[in-house]
Amino acid sequence: MEKVLKAYMPMTETAFYILLSLKVPRHGYGIIKHVEELTEGRLVLGSGTIYGTLTKMQRDGIITVYADEKRKKIYEVTDVGKSLMRYEVKRLKELHANAMKYGEEFE
């Protein structure tokens with residue numbers, strides 16, 4: 001787990017939204033559409049970006065192939081990936097709390 005934390009923390013926005021999308025198993029295109037929906041079109045992941053990240057995450061044991069249907073791999077998050085998300089959510093909550101506490105100084 002320590003190796004995964006070093007490699008992924010802090011998480012990129014792409015990695016964060018991919019894992020967030022995998023709360024339920026999805027294929028790559030489903031992840032792209034879900035991220036686009038979650039961010040109201042602000043973040044549109046290209047196929048090269050998403051499939052490169054999915055391959056790396058699979059190699060690192062963060063996600064796994066849930067099913068392989070007619071040229072569409074369906075991915076799901078592993079226990080390691082869930083732990084990684086817990087660390088990142090905790091970090092983001094701290095960032096948010098500090099931004100709310102001190103952010104008005106920059107307005």
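With respect to the chain, whose longest principal axis is taken over its alpha-carbon atoms, helix 79-102 is tilted by about 20°.
Hey, could you grab the Kirkwood Rh for the chain? Inverse mean 1/r over distinct alpha carbon pairs, Å, one decimal.
14.7 Å
Identify the trypsin sites (Lys or Arg not before Pro) of segment 1-95 meeting these criteria: DSSP loop state and at most 12 other C-beta atoms within 10 Å of the C-beta.
Lys23, Arg42, Lys70, Arg71
Estimated from helical segments only, the mean residue ellipticity of the chain at 222 nm is -19000 deg cm²/dmol, where each DSSP H run of four or more residues counts as -39500 (n - 2.57). Taking the C-alpha atoms only, the angle from helix 28-38 to the longest principal axis of the chain is near 30 degrees.
Every number in this text was worked out from the coordinates using simple rules, so none of it is lab data. Here the structure is a predicted model, which is why all the values come from computation and not from measurement. Cβ coordinates were reconstructed from backbone atoms using ideal geometry, including for glycine residues, and neighbour counts include every protein chain displayed.
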